Amino acid sequence: MTARVAVFKFASCDGCQLSVLDAEDELLAILGTIDIVEFPEARTLREPGPYDIGFVEGSVTTPHDAARIKEIREQCKVLVTIGACATSGGIQALRNMADVGIYASQVYAHPEYLDTLATSTAIADHVKVDLALYGCPVSKEQLVETITAVVAGRRPDLPSHPVCVECKARGTVCVLVANGTPCLGPVVRAGCGAICPSYARGCYGCFGPCSTPNVASLAGAWDGAGVPRSTLIRALKGFTVGAPEFQEAVRAL
Ligand code: SF4
Ligand code: SF4
């Protein structure tokens, strides 16, 4: 059987869809088992559902989004959210802590033409999601793993442990311990291969919270490195500011 695959976009920058395109070599290798029938970013021909796998990029920010995701859910056997916007509301969820009307009036000459919600929310806040891929953007290896797993009828092997584990696995020197560089790796989900610490930079959290983020402990480590508490709070309000675990942590800090 050939699986019918669809890719949908909501409020986002399209970066995760580009990760799908970036997996072209790997996807070509399994072309006999999948057919990408709906992907407006990549092809003009569009085919109606139902679909075996639906990938959703982006967050829900308008009443139209909220209605459309329900229709898409009905059309997809397996619904997979991809990226920080779809899984936690994205950086646009900063509006959730502010007055969206003020933002709109500062950006648009005619904000009265906008039909927007007061919040940017994750897809899972609106419909049942079967699988979630994190990151800003997502890892193409995880995309390919997810497609092949679904086609094979098994669960994909996706990590929920912190970035620190990947750092140790590749033998990277810890930038927090060695240099006092602020790094969110202990509370952030693995999947990127610990790219930033491998370039002597701290992780800034683009994969969102890991399964058991201990932010209180991380705060102690950052305190020990002489990093102001305000810097940690700002760091947690980044790409996955809408993630409940980080929102709760910010409140507690
Ligand atoms: S550099 Fe960051 S991610 Fe790597 S081990 Fe240290 S704290 Fe963890
Ligand atoms: S190290 Fe952190 S910020 Fe860098 S790519 Fe990985 S998850 Fe994202």
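Here is how the numbers come out for the structure above:
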read-out	value
The stretch 227-253-the stretch 64-94 distance, computed between alpha-carbon centres (Å)	23
Percentage relative contact order, the chain, counting C-alpha pairs under 8 Å, at least six apart	18
Probe 1.4 Å - accessible area at residue 115, Å² to nearest ten	110
Disulfide-incompatible cysteines by the Cβ rule (no partner under 4.7 Å) in the chain	13, 16, 76, 85, 164, 167, 174, 183, 192, 196, 203, 210
Qualifying lysines (Cα of each under 27 Å from Cα of residue 70; at least 8 residues distant if same chain)	9, 128, 140
Mean separation of Cα contacts under 8 Å (6+ apart) over length of the stretch 3-152, as relative contact order %	29
Debye, to nearest 20: dipole size of the chain, +1 on Lys, Arg Cβ, -1 on Asp, Glu Cβ	660
Radius of gyration, Dmax [the stretch 163-252; alpha carbons; angstrom]	11.9, 34
Local net charge near residue 4, Cβ-Cβ under 13 Å (Lys/Arg +1, Asp/Glu -1)	-2
Exposure of residue 145 as accessible area (Å², to 10), given a probe of 1.4 Å and all protein chains	40
Debye log10 I(q)/I(0) at q = 0.09, 0.14, 0.17 Å⁻¹ for the chain, Cα point scatterers	-0.43, -0.97, -1.26
Residue 34 long-range amide H proximity, modeled H, under 5 Å	3
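The values are calculated or read from the model by the stated rules, or taken from the named source; none is laboratory data. Note that the structure is predicted; figures quoted are calculated from it, not measured. Using ideal geometry, Cβ is built from the backbone for each residue, glycine included, and neighbour counts are taken over all protein chains shown. All accessible areas refer to the heavy atoms of the entire protein, side chains included, with ligands and DNA or RNA removed. Shrake-Rupley method; radii C 1.70, N 1.55, O 1.52, S 1.80 Å.
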